[in-house]
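A short write-up of the structure that comes next.
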Amino acid sequence: MKRVLLSLAVFLLTMGMATAQDGKTSRFDVRKAGAVAVEKCDGLRDLQKKGPQKSRQRIALAENQKLMGSYTTDDVVTSREGLGLPSNPGQLGVATVLDAKACARFNGGQISQIRYGLANATEVTSVFMYLVNESGNFVELFNEKVTEKPVAGWNMVTLSQPYTLDLTGITDILMGFYYTQSNANDGQNYSAECFPLSITGGVPATTLVYGNLNSGLGWYDIGADSYGALSVQAIVEKDFPDYDLALSEMIAYAFNKAGQTETFTFGLSSYGKMLPKSYTLNVFVDGDIMGSYDTPVALSEGAISLTGNVALPSELTVGKHTLKVTVAKINGVVPTKNTADDTVETEFTVYGQSFPHQKQLVEHFTSTSCTYCPNGDKILVALAGKRDDIARVSVHGIQNPNYPDPMRIAESDVIIGYEELAGFPSASYNRVVFDAGTGEGLTLTKSLGYNVSYKDQVAAIFSEAIDKANLEYPAFATVNVTGNYNPEDNKLTIKVKGNLVDDFAQVMGDDAVLNVCLVEDGIISRQLNNGMWVTAYTHNSVLRKYVSSVGGDAIGMTGNTYENDYVLDFNSAWKAENMRVVAFISRPLMSESLFGKFVTNTEMAAITVGDPAGIETAAKAADGVFEVARYNANGTQISAPQKGINVIKMSNGEVRKVVVY
């Protein structure tokens, strides 16, 4: 099967420079908004990709002027695509974060104007630029009062005096504006003015908000990366060189085998006064040159996306390796000016062995006060109807603080924060960052807020995306899980064990973790549904408890096998017959990089009640043989262990019988 670079579509780069690595800013104090902070004007997304925006006249720049921002096109979102924080009304600051190293070409230039884009008009009091030094301290470059009434679309602010950009000792730049966040509503729905923010541009970038969102006054990451970058740009004046190329945001297959073809994508921009007629790019693997590209495509104004392939050397060892592209020549001459951004690189991992994927972890983010969340539930039901390998965990959070969700647990906020949820309802799939092709771009959590009439189409899109992701992210461990509740001592006993590939630590990292949690079906509670409260709504796959730590536990390895055992008191509010144990092996949840959280394999088992003797499922055997189908005594296929005799078909054709008590 042909492999597909999952995130290729989103990196049709239109950006002017790289943002902080992986959209994260950990070099200064940034708080996580926790539960959802940013909301979308139109709660339901269209399934169809949006057509081109109404054409805008491109900003006219002088020869000595360039745009500095997370993207440099004239894109601004429409009114219905506006974002806002109506649950946090009042004066807020909003900023995009730029990596100072990626802005090196602008160093020494003068900032003469700032422009900001709005989806819906609101009061804007000032535009600002703060520089963050190596100690994590903020230095205010300017905070210019806005005198003209803002309008939807671009607004230009001419600074009272030009400001020279000195990036000596600077790590990050915060550029943005202070505005009034409204919470105007008709009793049911917020008005359009509550959603003034334009976040677009096609490239994930960190958007920060200054205010008191949940834990004191400060800067908060609102998790809006999946929408793109905040519409704010600076006009910088400088004597730019005649020819200047910049490379940005390289991605490649996360995992590959030695001797196979590695596909990669990166951005190429021209920042000189003129467009070069020719250029040469060199490709390296671990510092060894693998080949060159001589003017693969003609350059144009703005950024372009380039995709290449390189044959990996057959002698590459299992583990991490580096892929790098450099600008070797411009018009036949080796560049000597502004060369800091002439190189871009990324890591990939070479592996040798893998196992079949068992279950697909689907973390479903929902809230009882989320009016469109029942639509998301129906989409996931449709997804489960298309494939029998879904292990769903419904994580309940707080959409509206005035209506607390009774199924929210403390771990919910941790998961929501670290997966950078942008809105309810949504879901992540094996915690893999990819582009599902639904218009959201590169994200870890994908919206489920579609009209319910699209449920089958959306389910099909996500099912296909899961299959593609599994090609890029192989399974490096097997998972066999059992759970038994003994009413006599009120104890729940869980055993998780399995096999590991050779060199497991080299491919998954020596800090890979085992995650174990409990979910329950059939919980009756109220739910807001398209503006109406349903008093007896049935909630399924509800996350009840993390048995492991929410970030995962160390894997109890012995050679190429592992086993982790847990015993805990059973909560009297739970119904054992409706519960399942979900176990998965992943990278740590707390990784600052969204790309570093992926799940390698998952299994799920129903909790059995009574004597635990002989209750082990046969999901995986020591020789790598795995369960492919399970039937009850009547011959009906079942998706989890069922009390009584279970007939299990193994991957080698063997048929086994086990008794589940």
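Between Ala460 and Ser572, the simple label model (points 7 Å from Cα in the Cβ direction) yields a spacing of 5.1 nm. Straight-line reach from Lys575: taking Cα to Cα under 14 Å and skipping same-chain neighbours fewer than 8 places apart, the aspartates and glutamates in range are Glu520, Asp521. Placing +1 on the Cβ of every Lys and Arg and -1 on the Cβ of every Asp and Glu, with no other charges, gives the chain a dipole of roughly 1300 debye about its Cα centre. From Cα pairs below 8 angstrom and at least 6 apart in sequence, can you work out the relative contact order of the chain, rounded to a whole percent? Rounded, it is 13 percent for the chain. With R₀ fixed at 45 Å, the C-beta to C-beta distance from Lys277 to Glu592 puts the FRET efficiency at about 0.60. Relative to the current alpha-carbon distance between Thr158 and Asp388, full extension at 0.36 nm per residue lengthens the span by 76.9 nm. Here the calculated FRET efficiency for Thr125 and Asn490, from their Cβ-Cβ distance with R0 = 60 Å, stands at 0.50, rounded to the nearest 0.05.
Given their separation in residues at 0.36 nm each and the Cα-Cα distance between them, Ala554 and Asn183 gain 129.1 nm when the chain is fully extended. Projecting the Cα atoms of Ser182, Ser354, Thr96 onto the dipole axis of the chain, where Lys and Arg carry +1 and Asp and Glu carry -1 at the beta carbon, places Ser182 farthest toward the positive end. Among the listed values (i) 1.06; (ii) 1.01; (iii) 1.17, the one matching Cα Rg over 2.2 N^0.38 Å as calculated from this structure is (ii). In the context of the full set of protein chains, segment 349-420 has a per residue accessible area of 33 Å² (1.4 Å probe).
Computed from label points 7 Å out along Cα-Cβ, the spacing between Thr295 and Thr168 is 4.1 nm. Scanning residues 5 or more positions from Lys446 or on other chains, those with amide H under 5 Å from its amide H are Ala427, Ser428, with H placed 1.01 Å from N in the peptide plane. Cα convex hull, segment 330-400: 270 Å³ per residue, rounded to a whole number. Per-residue Karplus couplings for segment 145-157, computed as 6.51 cos²θ - 1.76 cosθ + 1.60 with θ equal to phi - 60°, are listed in order as 5, 8, 9, 8, 5, x, 10, 5, x, 7, 10, 9, 10 Hz, Gly and Pro entered as x. Put a plus charge on the Cβ of each Lys and Arg, a minus charge on the Cβ of each Asp and Glu, and nothing anywhere else: the dipole of segment 225-377 about its Cα centre is then about 220 debye. The aspartates and glutamates within cross-link reach of Lys329, meaning a Cα-to-Cα straight distance under 12 Å and a gap of 8 or more places when in the same chain, are Asp244, Asp294, Asp342.
For Lys145, a cut-off of 20 angstrom between C-alpha atoms picks up these aspartates and glutamates, skipping any fewer than 8 places away in its own chain: Glu123.
Rounded to the nearest 20, the size of the Cβ-charge dipole of segment 169-286 about its Cα centre is 200 debye, with Lys and Arg at +1 and Asp and Glu at -1. Here segment 206-301 has 46 percent of its accessible surface on carbon and sulfur atoms, given a 1.4 Å probe and all protein chains in place.
The values are calculated or read from the model by the stated rules, or taken from the named source; none is laboratory data. Treat the numbers as computed from the prediction; the structure is a model and nothing was measured. Glycine gets a Cβ as well: all are built from the backbone with ideal geometry, and neighbour counts include every protein chain shown. For accessibility, only protein heavy atoms count, side chains too; no ligands or nucleic acids. Shrake-Rupley method; radii C 1.70, N 1.55, O 1.52, S 1.80 Å.
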